[in-house]
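Okay, structure first, notes after.
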Amino acid sequence: MLIIFHILNFWRNLMLDNPLPHSLIEGTVIDRIDWTEQLFSLKVKAKMHPFKAGQFTKLALPTATGGWSRRAYSMVNAPNDEILEFLLVTVPEGGLSPRLDALQPGDLIYVGEEPTGFMTLEEIPETASDLWMLSTGTAIGPFLSLLADPSTKKRFERLVLVHAVRHEADLVYQDRIKALQADLGPQFHYVPIVSGEAVPYALTGRIPALLSAGTLAQFSSVELDLLKSFFLICGNPEMVRDTREVLQNMGYQKHLRRKHGQFSSENYW
Ligand SMILES: Cc1cc2nc3c(=O)[nH]c(=O)nc-3n(C[C@H](O)[C@H](O)[C@H](O)COP(=O)(O)OP(=O)(O)OC[C@H]3O[C@@H](n4cnc5c(N)ncnc54)[C@H](O)[C@@H]3O)c2cc1C
Ligand SMILES: NC(=O)c1ccc[n+]([C@@H]2O[C@H](COP(=O)([O-])OP(=O)(O)OC[C@H]3O[C@@H](n4cnc5c(N)ncnc54)[C@H](OP(=O)(O)O)[C@@H]3O)[C@@H](O)[C@H]2O)c1
């Protein structure tokens, strides 16, 4: 059966202008959410291999020159969900994101078969009891996946989701955040930061400065503690760099498998 499948796939690829690389599988867009002009979510049906909350895969489209344009995107959904969900921003001059933004339900999309990434629960030392998830823009995605995984709430005493965006409209997935607040109660702390306009329920500024001033701890009512706190930092590479520096100045260290520390990070570009 498997041999027939591979032979059929081989012939199918020969007939196509852009043969499908081994690492990609075909998927279908089944729905989309338009949050703002530039921010959107795609719901995709594809038989990707199982992933761990916090991981990412590739999304890809064929190019006019016979190749493939592919980039990394984090899953927003929980690992057991049948439908994959991705949160994206259109980078106006970008090579792939404007093309992904043009996709509509029913359109084909290509997905990396093998998910990857180390921003997962098993990479966090057992000693940490408070998980701080620091994100900018679309990087809230992997944290929503982590929060949707029941193991996360079993594992930590306190969960702090920090989301920094430019405009209030970029504070996406408010319905899920409200559901988490209802489900997790005082275990869950949401810290919205809006840098470009004053919003009554959000902080103003940037993550590194708000962290070093103690404002994130004050707003969330969760103390920073060298033994209890673990930080996942994700998104804008300059935010990641500056936040790591602030944490190091506060005595925290980068986490390595061979030498445990208190923070890990993932750059989006
Ligand atoms: C591990 C990983 C996970 C990622 N997950 C996501 C995700 O879930 N959602 C998502 O939208 N992007 C994600 N990205 C970024 C994504 O892979 C692409 O870089 C992005 O979509 C731009 O691709 P492009 O071809 O349109 O632009 P390119 O031509 O590749 O232009 C890249 C430029 O776009 C800007 N940029 C790239 N990504 C972002 C972003 N997310 N927010 C703001 N500005 C950005 C930067 O200025 C960067 O230099 C992830 C990247 C990595 C490495
Ligand atoms: N909307 C705009 O004004 C604007 C302008 C230029 C480009 N763009 C493009 O729009 C796309 C999406 O942008 P985005 O708003 O989702 O992502 P983003 O540019 O990464 O901004 C998201 C959040 O991260 C903050 N941030 C940026 N640099 C930081 C740093 N060095 N340290 C700490 N925090 C930092 C921003 O604060 P700050 O607001 O203080 O930077 C903002 O609150 C990008 O491709 C970007 O090039 C948008």
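The values are calculated or read from the model by the stated rules, or taken from the named source; none is laboratory data. Because the structure is predicted, anything quoted here is derived from the model rather than measured. Here the Cβ is made from the backbone with ideal geometry for all residues, glycine too, and neighbour counts use every protein chain on show. All accessible areas refer to the heavy atoms of the entire protein, side chains included, with ligands and DNA or RNA removed. Shrake-Rupley method; radii C 1.70, N 1.55, O 1.52, S 1.80 Å.
Cα centroid distance between the stretch 232-269 and the stretch 176-219, in Å? Each part's Cα centre sits 19 Å from the other's. All other residues with a Cβ under 14 Å from the Cβ of Val246 taken together, and with Lys, Arg as +1 and Asp, Glu as -1, what is their net charge? With Lys, Arg at +1 and Asp, Glu at -1, the neighbours total +1.
Which value in deg cm²/dmol, rounded to the nearest 500, describes the helix-derived mean residue ellipticity at 222 nm for the chain, given -39,500 (n - 2.57) per DSSP H run of n ≥ 4 and division by the residue count?
Numbers: 8 runs with 70 residues, N = 269.
Rounded to the nearest 500, it is -7500 deg cm²/dmol.
Sites listed here are chymotrypsin sites (Phe, Trp or Tyr not before Pro) in the stretch 193-257 whose DSSP assignment is loop and whose Cβ has at most 12 other Cβ atoms within 10 Å: Tyr201.
When Arg176, Arg241, Arg166 are compared by accessible surface with a 1.4 Å probe, the order from highest to lowest is Arg166, Arg241, Arg176.
When only the heavy atoms of the protein chains count and the probe is 1.4 Å, how do Trp68, Trp35 rank by accessible area, highest first?
Working: Trp68 50, Trp35 70 Å².
Sorted descending by solvent-accessible area, the residues read Trp35, Trp68.
The calculated FRET efficiency for the pair Thr65 and Asp34, based on their C-beta separation and a Förster distance of 41 Å, comes to about 0.85.
Note on Asp107 and Ser129: their simple-model spin labels are 4.9 nm apart, each label 7 Å out from Cα toward Cβ.
Accessible surface for the stretch 161-269, divided over its residues, is 54 Å² per residue with a 1.4 Å probe.
Each of Tyr201, Gly261, Leu159 was scored by the projection of its Cα onto the charge dipole of the stretch 121-267, and the greatest displacement toward the positive side belongs to Gly261; charges sit on the C-beta of Lys, Arg, Asp and Glu. At full extension, Leu20 and Val199 could sit 59.8 nm farther apart than now, given 0.36 nm per residue minus the alpha carbon distance. Accessible surface computed residue by residue for the stretch 19-112, with neighbouring protein chains in place and a 1.4 Å probe, gives 48 Å² per residue.
In a shell of Cβ-Cβ distance under 14 Å around Lys47, excluding Lys47 itself, what net charge do Lys and Arg (+1) and Asp and Glu (-1) give? Before the final figure, lay out each step's value.
On the way: positive: Lys45; negative: Glu26, Asp81, Glu82, Glu113, Glu114.
The answer is -4.
Highest mobility in the GNM of the chain, judged by mean-square fluctuation with C-alpha springs under 10 Å and restricted to Lys52, Lys259, Lys178, is found for Lys259. For the stretch 19-112, the carbon plus sulfur part of the accessible surface works out to 53%, probe radius 1.4 Å.
In loop segments of the stretch 48-114 as defined by DSSP, the GluC sites (Glu not before Pro) with at most 13 further C-beta atoms inside 10 Å of their C-beta are Glu82, Glu93. For the stretch 151-167, backbone phi angles converted through the Karplus equation (6.51, -1.76, 1.60; θ = phi - 60°) give residue-by-residue couplings of 5, 5, 6, 6, 7, 10, 7, 9, 10, 10, 9, 9, 10, 9, 9, 7, 10 Hz, Gly and Pro being listed as x. Distance cut-off 31 Å, Cα to Cα: go down the list Lys45/Lys254; Lys154/Lys259; Lys43/Lys228 and report the pairs above it. From the list (Lys45/Lys254; Lys154/Lys259; Lys43/Lys228), the Cα-Cα distance tops 31 Å for Lys45/Lys254; Lys43/Lys228.
For the stretch 121-187, applying the loop criterion from DSSP together with a ceiling of 13 other beta carbons within 10 Å to the GluC sites (Glu not before Pro) yields Glu126, Glu157.
Pop the C-beta distance of Arg258 and Leu184 into the FRET formula with R0 = 35 Å and round what comes out to the nearest 0.05.
That pair, Arg258 with Leu184, gives E of 0.60.
Sum up the charges of everything whose Cβ sits under 9 Å from the Cβ of Leu59, counting Lys and Arg as +1 and Asp and Glu as -1, but leave Leu59 out. Don't skip to the end; give the middle numbers.
Values: positive: Lys58, Arg70, Arg71; negative: none.
Charge balance near Leu59 sits at +3.
Computed from label points 7 Å out along Cα-Cβ, the spacing between Ala213 and Glu238 is 1.8 nm. Highest mean packing comes first when the peptides 73-81, 128-136, 37-45, 185-193 are listed by Cβ atoms within 10 Å, giving 128-136, 73-81, 37-45, 185-193.
Give me the percent of accessible area attributable to carbon and sulfur for the stretch 165-216, probe 1.4 angstrom.
On the way: 1420 of 2610 Å².
Within the stretch 165-216, the accessible surface is 54 percent carbon and sulfur.
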